[in-house]
1. Which members of the range B:252-292 meet the condition of being of a type in the set (Gly, Ala, Ser) and either surrounded by fewer than 14 Cβ atoms within 10 Å (Cβ to Cβ) or modelled with pLDDT under 85 (or both)?
2. Taking the options B:Gly506, B:Gly553, name whichever one is out of contact with any Phe, Trp or Tyr (no Cβ under 6 Å at 6 or more places or on another chain) and either modelled with pLDDT of 90 or more or more than 9 Å from every other protein chain (Cβ to nearest Cβ) (or both).
3. Just to be sure, is A:Ile177 away from every other protein chain (no Cβ under 12 Å), in contact with a helix residue (DSSP H, G or I) (Cβ under 7 Å, 6 or more places away or on another chain) and open to solvent by less than 50 Å² (accessible area, probe 1.4 Å)?
4. One residue is enough: does the range A:252-269 have a residue meeting the conditions outside any helix (DSSP H, G or I), under 29 Å from A:Val299 (Cβ atoms), within 11 Å of another protein chain (Cβ to nearest Cβ) and among the aliphatic types (A, V, I, L, M)?
5. Could you list, in sequence order, the residues of the range B:1-43 that are farther than 28 Å from A:Phe124 by Cα and touching a helix residue (DSSP H, G or I) at 6+ places or on another chain (Cβ under 8 Å)?
6. Would you check if B:Ala464 is without any contact (Cβ under 8 Å) to a residue 12 or more places away in the chain and more than 9 Å from chain A (Cβ to nearest Cβ)?
7. For B:Gly211, state whether it is open to solvent by less than 70 Å² (accessible area, probe 1.4 Å), farther than 16 Å from B:Asn151 by Cα and modelled with pLDDT of 80 or more.
8. Sort out which residues of the range B:332-372 are open to solvent by 60 Å² or more (accessible area, probe 1.4 Å) and touching a residue at least 40 places away in the same chain (Cβ under 8 Å), and write them in order of number.
Amino acid sequence: MATVSLKTRVYKNRHAYYFILPTLLGMLLIHFVPMVQAVYMSFLGLNQNTIGLYLAAPFVGFEHYKDILFNPDSLIRISGLSEAARNTFIYTIVVTFGTIFVGLIVALMLNRKFKGVAVFRTLFILSWVVPQYVTGLLWNFMWQRDVGIVNYILVNVTGLLNEKPFWLIGPNTLWAIIIPTIWRGWPFNMIMLLAGLQNIPETYYDAAKIDGASTLQQFRYITWPLLKPVWAILIFFGLIFNVYSFNIVYMMFGLGAGYPGEWGDLLMTNIFRATFSAWRYGAGAAACVILMILMITIVLIWDRIFQDEITVQK
Amino acid sequence: MKSNKVRKVVKRVVIDFFMVGALITTLFPIFWMVFTSLKSNNDILVGHMGFTRKANSISTIVKAGDKIHFGSEDGFIGQVNSDNTIKSIFDVRKYRGMSAVQKDGNILFSHSYGVSSIDPFTDKQKLLVDYENVPWKYRHNIRSTKIVSVNGKFYVGKVLVKTESEEETSYKGAEGFEGLQVFNESMRAIGSLDTADNLLSTTIYDMQSDGQYLWIAQPGGVSVLDPATDKVIAQYTEEDGLTVESIKSISIVGKLVYVAGLNKVFKIDFEADKVTALLLPPVIPQINAIVADSENVFIGSSNGFYVFDLKNDQILTKYRDQDVYWNIRSMRIDGNDIWIGTDNGTVIKLDKSDDYQVGFRAQIRTGAYDIRWENYLDMWENISFGTYLKNSILICSITVLFSLALSTMAGYALSRFRFPGSVLFSTSILSVNMIPMLLFLIPVYLMFIKIYDVTGIQFIGTYAGIVFVYSTFFVPMSIWILRSFFVSIPIDIEEAARIDGCSRWGVFWRIALPLAAPGIIATGIYLFLVAWDELMFATILLPQENSFTIPLGIKLFIGNHQNRFDLIMAASTVATLPVLILFFLVQKWFIKGLTAGAVKG
């Protein structure tokens, strides 16, 4: 094909530009301009005193970055940023793989032929429709030590534990935020995996059966590899959504006013408090930029791992 | 071969078992949310897991003919037969709170829905007075406290109660439904009295007539009403020596009036205008009812029955042994018999001449389960939930409209054209997800402040600001979903239309849009769900209470002054309902749209 000059190609596709123009303008205003500003702000000493100066606030160079990365006694670090980072790490890994695990099991159960499969599928999705803030409120109530249903079931009904544990104080807190997130998140993964399962041709399994493959072997050698495009995408989404998870934790602890504790704080809630409750806008922006760079790195690694299997249409 | 078949069945049953288990586990929290929203907050805070039963205390005992009748708090009216059995005459659970008076051989029962007349011989019941003008919102909260007849007039005391605390706090906008209502012989309302007519309060605990005047027990003391003029002619309050906050019960013997409140009983001599307190030992807790005769005052307290000997000025404690340990609600004296109605629905007869032995005892049915539908009404009173709901719906709908307009066009362009920059555009759409929202929020917030400083246009706390931000923020995700919808529409039709001379815009508007309608609707619903759930931007950009969305408003249920799990759960249920309905409406397209993007992409 002969090379067509750029000008011709632009002219030929001019309608496409009309179509994307409003979106482009909006994204420029609300995505691009703020992003550039945020990166610039991360070098500024923006706080409650200099907020009126906006972009004319004093330039502090890499001060915030140094504070965040290397100075454990800095103002932004002492409010528990490192604990939040540790929690976010554990939280993201457990939730991402937990939701895929639960979603896969239920998807396999639903990928059989039985009466009422549509009803079951619909009912299973319900917990995903519950808004995240409701999830936070609801589980906050269910985790209550004395009046919560979880402790009631663990102690009074089943007798698994002798004494009612505190869920919203101490190391248990991490589980108290992981479990609701998995509860809220897995149906989405289930929908995706189920769609993936239904795309696998039945003939593969028939062939495997003739060769005498067990159910486990069928899963190991047919289902799991063929689902790879789906779970790869789900890992991608899971990593991003869970690192940036905010609503559930925010609503679960003190309804936004309180500190979720050393074991309940996530990066987003921590930086959010540092930025808007402690008025450290510059430092908050710096933390966000670091997080963004980290996420882009992770996504690039993800892309390297799965690039052969996945061809995301661009 | 046969064992293979058995194994298959077993496997199937095991999987089914686990699937149902998983379903129950998943749905349980949702069920628990709805369940808790119907419980009373007191039950929640003391850790009752199920519903408790409402009290079914015997609130009134009356004699008609030669038979004793009684009415309970939970709408039960019974009659004690001569063979010492109880006969149910009338049982309507919605008739909350009972009080009774005799009228021409019939009994008038005053309750939360009006006044019913019952013929004790034929058991025929008729609703004489219907409180039909009570606003539906307060229907559940109205209680009739007492009905009394003096000089051919009937006086009914009404009060609106807050169900949670059972405190006598007025609801806003419910004026005119509390206080004392006056009816004539044929039960026509002929007037009403409240604090403007010098009553101490609109709340009325007890009323008795001495044949001439009406004595009204109230928070603050006792009012004496002259039925001839319907004017308050005297009041006994703290200044006159009634040293308790409110008077709960009145008993009149001849010219002497005994009144009781908290743990004290006072004797009022109306003619001498003198108040004296009876010397009660401090062991008596809350007194709920008293009756008196010329020698004794019988005291019904929350831990039992006491007899006060007026001659010796002391309590005859020997009549309060362990099995006379009732929480007494109402009493009536009838010759030698003292009738007692307790809190848990027991009717007891004590024989005065026989050393106060229990001559009769019967228990009526338990109260109904205390299912608090009114939590869903209280929720709107407690915080201005309506405003928040309105804000949420408006913000989300406008956001959906705007971002759909943007993203259908962009999605269409991406699916139909391979223009220079299309790769950059779609890559940037995907990678926007990798940037934390907070990174945008900080500059947007500071930018809005600056804009206000410079131009005076306020974006913080207004729909305009939040809608503008939301519309653009949710666009990338919806472009991604919509693009796959447009890809799945065959391009042939559009090409045919182009040949027929349709413009690019015409093709998009007349052909592509209608064909992609299911996808567009599904995407719109998805956008609505996401916007409905947005919290971080709303917290910062909507700081004033009148611009709150639901999640910000719900926070007010747990604050310095309250800890209302019941209302939080009710509000959560209401907040979940719209998205649940929307989801069910478009479930099929919705799942298709989501999976088409990921699985094929």
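The values are calculated or read from the model by the stated rules, or taken from the named source; none is laboratory data. Given the structure is predicted, the values throughout are model-derived calculations rather than measurements. Note that each Cβ is placed from the backbone with ideal geometry, even for glycine, and that neighbours are counted across all protein chains shown. What goes into the accessible areas is simple: the full protein's heavy atoms, side chains included, and nothing from ligands, DNA or RNA. Shrake-Rupley method; radii C 1.70, N 1.55, O 1.52, S 1.80 Å.
1. Going residue by residue through the range B:252-292, those that are of a type in the set (Gly, Ala, Ser) are B:254, B:260-261, B:272, B:277, B:289, B:292.
Hits for the range B:252-292 are B:Gly254, B:Gly261, B:Ala272, B:Ala277.
2. Details: B:Gly553 fails: out of contact with any Phe, Trp or Tyr (no Cβ under 6 Å at 6 or more places or on another chain).
Unique residue meeting the criteria: B:Gly506.
3. Working: away from every other protein chain (no Cβ under 12 Å): yes; in contact with a helix residue (DSSP H, G or I) (Cβ under 7 Å, 6 or more places away or on another chain): yes; open to solvent by less than 50 Å² (accessible area, probe 1.4 Å): yes.
So A:Ile177 passes the test.
4. no
5. Quick first cut of the range B:1-43, residues farther than 28 Å from A:Phe124 by Cα only: B:1-6, B:40-43.
Scanning the range B:1-43 gives B:Ser40, B:Asn41.
6. Values: without any contact (Cβ under 8 Å) to a residue 12 or more places away in the chain: yes; more than 9 Å from chain A (Cβ to nearest Cβ): yes.
Here the answer is yes, as B:Ala464 does meet what is asked.
7. Working: open to solvent by less than 70 Å² (accessible area, probe 1.4 Å): yes; farther than 16 Å from B:Asn151 by Cα: no; modelled with pLDDT of 80 or more: yes.
Spelling it out, it is not the case that B:Gly211 is open to solvent by less than 70 Å² (accessible area, probe 1.4 Å), farther than 16 Å from B:Asn151 by Cα and modelled with pLDDT of 80 or more.
8. Those that are open to solvent by 60 Å² or more (accessible area, probe 1.4 Å) and touching a residue at least 40 places away in the same chain (Cβ under 8 Å): B:Arg332, B:Asn344, B:Thr366, B:Tyr369.
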